[in-house]
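The values are calculated or read from the model by the stated rules, or taken from the named source; none is laboratory data. Since the structure is predicted, the reported quantities are computational estimates derived from the model, not experimental observations. Note that we place each Cβ from the backbone using ideal geometry, even for glycine, and neighbour counts take in every protein chain shown.
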Amino acid sequence: MAKLSFEFPDGNKKEFDSGVTAEDIAKSISVSLAKKAVAAKLDGKMIDLMQPLDQGGKIDIITSGSDESLQILRQGAAQLLETAVKEKYHDIRIGEISADKDGFFVDTDKEDRQVSSDELEELASKMKKIIKNNATVNRVYLSKDDALKEVDGDPYQAKLIAKIDSDNILFYSIDGVKTLAQGVVAPSLKDLKHFKLLSVAGAYWEGKSSNPMLQRIYGTAFFKADALDEDLKHRKEAKERDHRVIGNNLDLFFVDPKVGAGLPYWMPKGATIRRTIERYITDKEIAHGYQHVYTPVLANLDLYKQSGHWDHYRDDMFPPMKMDDDEMLELRPMNCPSHIQIYNHHIRSYKELPLRIAELGMMHRYEKSGALSGLQRVREMTLNDGHTFVAPDQIQEEFKKILNLMMEVYHDFDINNYTFRLSYRDPKNTKKYFDDDAMWNKAQTMLKGAMDDLGLDYVEAEGEAAFYGPKLDVQTKTALGNEETLSTIQLDFMLPERFDLHYVGEDGKEHRPVMIHRGIVSTMERFTAYLIEMYKGAFPTWLAPDQIQIIPVSDDKHGDYARKLNEKFRALKLRSNVDERGEKMGYLIRDAQTKKIPYTIVVGDDEIKNNTVSVRKYGEDNSRDMSIDDFISEVLHDIATYSRNDDDDAKSKSVDKVK
């Protein structure tokens, strides 16, 4: 019998007969290791503990309780859930099942009706009963023909089997029910004691909107009860902050797959928030020396071929459109080639540098439907984009100025939880990244040097750069725990070369500028999503779509006074409304609080008599009587200070960090 050689993590090697399993290898090391083993890794690939092996390599035994074993536990939970679902619904069809760092899911489809959230508790009880009776997971191998017979009548399972490049198809048998293996599970489910079925939601088969909508059952599992409790607590907090939930409750935006997945519609309140952000960042950039422009959302495909986007970014671009004169037009995936045209439209002098160009530029990205999520991942977006053209000796100073601008903006929005990441290319990936070692080494060294000189902490990440150059990314976490890039500064020597950019130097000769790409507040979509989650929908007064809600005690008696106040407030450009619904006072006040309106004022006989207002701020239980002038002064000060309630010293300190 042929011998197979395996290398262990400590470098030792050992030979075994062909057909050996990872469990056998674990037993050869120690009985205790075999008892704790749940799976193994062979040359970095996760394998079943009971799988007969026909080739050697580097092997690592995965034990219960380790970080990697959590996915094994959850995959077992997914296979067990599929078993319980099949036992409860004999006519059910099963799509994909999977486990990851967030939990596990099983996609299901029924003819009459889909599985509802009301049935999750019963399914969980059935899972626990199966574990109690028999936690063993048996492995059953079938030929492809027999496997297809086993899933006869289930088109989803049949398609999954057809994709497997083998005639030896593995099924897991739990409680006598066979389920197609869609991941690695442990030989026993005895450790599956702490799990929770969370929710159900629609999910397109294979992630394609043209395919049937299946019902996805979500769950999670942990080795310890306290870890599960902590996760459920985090999920509750995340749901309370989820911008999709808050956006729906506050009527800020919606996305309807029937009219275009990943294409958000901004409702009036959401549009007000976005417009406020746009005006703020435009004014801020102009004050920092940027010149704002407008450029077309379409361009000739040749522009993106010259920039390199077509070669390195094509998978994220929409297909070109052929016009009647054979011109090929492309929805732009990025704004930088457009801003290069602005620069190139005139002969530039060294006296004009740094030349700062900015735009709220609309872009389109071909995002997969499965990756789309509310405002965070969309197919049409408007980027707060800027490009600075500098002489080489101006790079560090301009880099510092951009960081200062970024810190000012973060201060005004009260953003404090972020980290810096230097994103480099992967030198092995010549398909994704422009192939010029000297350029990359120079740009990465300069970027790292600038951060070191500024004394800022950062992490380094290979393979995260833009295709044309390294970048500094500012990383934040969404309410759901996903890491997102909020802001970025990118150093680019490549595009000035490809577009043959020049400026006339002090010596009268042509010189090549360096291009710095930067986005301060990301796209309007992603930034708004971030703010919704950060503020939990309770926007500071300057950003709130409705700043003041006026409630007359009686419309007949006090309505005219309320409407006069409303006119006065609106004349001061305050976003004010009168609630004229005539409902009970307590209900109207609670409704204003539910809508998270910063100021609710009630007017009745006393307020008319004394020319005052009764003011209640969002989140406060008590009301205050104020003169109209004092109330207006308070609101205007609240807006002028971005609701920060701090002084200019705090602002200057935050900016001084990068001086």
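Just one of the listed residues (LYS536, LYS564, LYS609, LYS568) is farther than 30 Å from LYS239 by Cβ, among the basic types (Lys, Arg) and in contact (Cβ under 8 Å) with a residue 24 or more places away in the chain, namely LYS568. Filtered by the rule that a residue be within 19 Å of PHE222 (Cα to Cα) and in a loop (DSSP other than H, G, I, E, B), the stretch 84-120 gives LYS101, ASP102. Can you find even one residue in the stretch 563-577 that is part of a helix (DSSP H, G or I), surrounded by 13 or more Cβ atoms within 10 Å (Cβ to Cβ), polar (S, T, N, Q) and modelled with pLDDT of 95 or more? Within the stretch 563-577 (the criterion being part of a helix (DSSP H, G or I), surrounded by 13 or more Cβ atoms within 10 Å (Cβ to Cβ), polar (S, T, N, Q) and modelled with pLDDT of 95 or more), the answer is yes, since at least one residue qualifies.
Among the conditions (1) surrounded by fewer than 21 Cβ atoms within 10 Å (Cβ to Cβ); (2) in a strand (DSSP E or B); (3) in the same structural domain as SER188 (by TED's automatic domain parsing); (4) not β-branched (Val, Ile, Thr), MET46 misses just one, which is (3). Exactly one residue out of VAL38, VAL137, VAL85 is crowded, with 18+ Cβ neighbours inside 10 Å and not assigned by TED's automatic domain parsing to the domain that holds PHE195: that is VAL38. Among the residues of the stretch 383-401, those identified as under 28 Å from the mean Cα position of the chain (by Cα) and either surrounded by 21 or more Cβ atoms within 10 Å (Cβ to Cβ) or farther than 30 Å from ASN482 by Cα (or both) are ASN384, ASP385, GLY386, HIS387, THR388, PHE399.
Among the residues that make up the stretch 214-233, is at least one of them at pLDDT below 90 and either surrounded by 18 or more Cβ atoms within 10 Å (Cβ to Cβ) or touching a Gly at 6+ places or on another chain (Cβ under 9 Å) (or both)?
no
With under 35 Å from the mean Cα position of the chain (by Cα), in contact (Cβ under 8 Å) with a residue 60 or more places away in the chain and in a helix (DSSP H, G or I) as the only criterion, which of ASP638, ASP546 stands out? Going through ASP638, ASP546 in turn, just one is under 35 Å from the mean Cα position of the chain (by Cα), in contact (Cβ under 8 Å) with a residue 60 or more places away in the chain and in a helix (DSSP H, G or I): ASP638. Take the stretch 318-350 and flag every residue that is free of Cβ contacts under 8 Å to residues at least 24 places away in the same chain and either assigned to a helix (DSSP H, G or I) or under 16 Å from TYR503 (Cβ atoms) (or both). Of everything in the stretch 318-350, those that are free of Cβ contacts under 8 Å to residues at least 24 places away in the same chain and either assigned to a helix (DSSP H, G or I) or under 16 Å from TYR503 (Cβ atoms) (or both) turn out to be HIS345, HIS346. Say whether the condition of being surrounded by 11 or more Cβ atoms within 10 Å (Cβ to Cβ), more than 25 Å from LYS564 (Cβ to Cβ) and either modelled with pLDDT of 90 or more or basic (Lys, Arg) (or both) is met by at least one residue in the stretch 609-619. No, the stretch 609-619 contains no residue that is surrounded by 11 or more Cβ atoms within 10 Å (Cβ to Cβ), more than 25 Å from LYS564 (Cβ to Cβ) and either modelled with pLDDT of 90 or more or basic (Lys, Arg) (or both). With respect to the stated conditions, ASP436 fails to be surrounded by fewer than 14 Cβ atoms within 10 Å (Cβ to Cβ), at pLDDT below 90 and among the acidic types (Asp, Glu).
So that you can scan it fast, the table gives a plain yes or no per residue for (1) out of contact with any Ser or Thr (no Cβ under 9 Å at 6 or more places or on another chain); (2) in a loop (DSSP other than H, G, I, E, B); (3) under 30 Å from THR21 (Cβ atoms):
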{"residue": "LEU170", "(1), (2), (3)": "yes, no, yes"}
{"residue": "SER173", "(1), (2), (3)": "no, no, yes"}
{"residue": "VAL184", "(1), (2), (3)": "yes, yes, yes"}
{"residue": "ARG244", "(1), (2), (3)": "no, no, no"}
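Conditions (1) of a type in the set (Phe, Trp, Tyr); (2) more than 16 Å from VAL200 (Cα to Cα); (3) out of contact with any Asp or Glu (no Cβ under 8 Å at 6 or more places or on another chain), marked per residue:
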residue: SER98; (1), (2), (3): no, no, yes
residue: THR108; (1), (2), (3): no, no, yes
residue: VAL115; (1), (2), (3): no, no, yes
residue: LYS126; (1), (2), (3): no, yes, no
residue: ILE131; (1), (2), (3): no, yes, yes
residue: ALA147; (1), (2), (3): no, yes, yes
residue: PRO155; (1), (2), (3): no, yes, yes
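Say whether the condition of being outside the structural domain of LYS132 (by TED's automatic domain parsing) and not in a helix (DSSP H, G or I) is met by at least one residue in the stretch 226-234. Checked against the condition, which is being outside the structural domain of LYS132 (by TED's automatic domain parsing) and not in a helix (DSSP H, G or I), the stretch 226-234 yields no hits at all. Out of all the residues in the stretch 3-20, is one or more free of Cβ contacts under 8 Å to residues at least 24 places away in the same chain, closer than 21 Å to LEU192 by Cα and assigned to a strand (DSSP E or B)? No, there is no match, as no residue in the stretch 3-20 is free of Cβ contacts under 8 Å to residues at least 24 places away in the same chain, closer than 21 Å to LEU192 by Cα and assigned to a strand (DSSP E or B).
Apart from one condition, ARG244 fits all of (1) among the basic types (Lys, Arg); (2) exposed (fewer than 14 other Cβ atoms within 10 Å of the Cβ); (3) more than 20 Å from MET127 (Cβ to Cβ); (4) modelled with pLDDT of 90 or more; the exception is (2).
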